[in-house]
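The values are calculated or read from the model by the stated rules, or taken from the named source; none is laboratory data. All of these numbers come straight from a predicted model, not from anything done at the bench. Ideal geometry is used to build each Cβ from the backbone, glycine not excepted, and the neighbour counts take in all protein chains shown. Note: accessible area is taken over every heavy atom of the protein model, side chains too, but ligands, DNA and RNA are not part of it. Shrake-Rupley method; radii C 1.70, N 1.55, O 1.52, S 1.80 Å.
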Amino acid sequence: LEAIRVKIMELGDPNNLQNVKIELTSENDLFFNYTHFVEEDSFRHMQENQKLMIEFSDYTNILIKMVNSSIKEPNSFLAVFIMNRDGTAKLDFIQNIEYKFIELLSCDFMASPEDTVR
């Protein structure tokens, strides 16, 4: 387990959200830098694939809630980050309900370009 810094940013106002960006970084590894970027069209694709019941305008608040739940209740809520060799990665938010693990949300990430990491 490693502590990861999560920065969630949104462009636009609450009534007209344009996109959401998540940056993951690590104090222990300065070259660890992954980004998730979603706009309304890509969110609709996520919504269909994962059968999400939220709207794009609620996405940022749900992300914040899930990250905080993973920190405050690590026995009930897990945040699992899986990295691939090709620079892609996936962050899965999973809830443990005693007898079963339920995937709540999955976010696709890309390794940030080298100039961004510098």
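What's the magnitude of the charge dipole for region 49-118 around its Cα centre, counting Lys and Arg as +1 and Asp and Glu as -1 at the beta-carbon? Answer in Debye, nearest 20.
140
So for the chain, considering every pair of alpha-carbon atoms, how many percent are separated by more than 23 Å?
32
Can you figure out the FRET efficiency of Leu1 with Arg44, using R₀ = 25 Å and their beta-carbon distance, to the nearest 0.05?
The computed FRET efficiency comes out at 0.15.
How much accessible area per residue does the chain have, in Å², with a 1.4 Å probe?
That works out to 71 Å² for each residue.
With θ taken as phi - 60° and the coefficients 6.51, -1.76 and 1.60, list the Karplus ³J(HN,Hα) couplings across region 27-37 in order, rounded to whole Hz; mark glycine and proline as x.
6, 7, 10, 5, 8, 7, 8, 10, 10, 10, 10
Charges at C-beta only: +1 for Lys and Arg, -1 for Asp and Glu. How large is the resulting dipole of the chain about its Cα centre, in Debye rounded to 20?
280
Given a 1.4 angstrom probe, I'd like the percentage of the accessible area of region 1-83 that is carbon and sulfur, rounded to a whole number.
52
Answer with one residue from Phe37, Ile62, Ala79: the one whose Cα lies farthest towards the positive end of the charge dipole of the chain, charges on Cβ with Lys, Arg +1 and Asp, Glu -1.
My answer, from the dipole projection, is Ala79.
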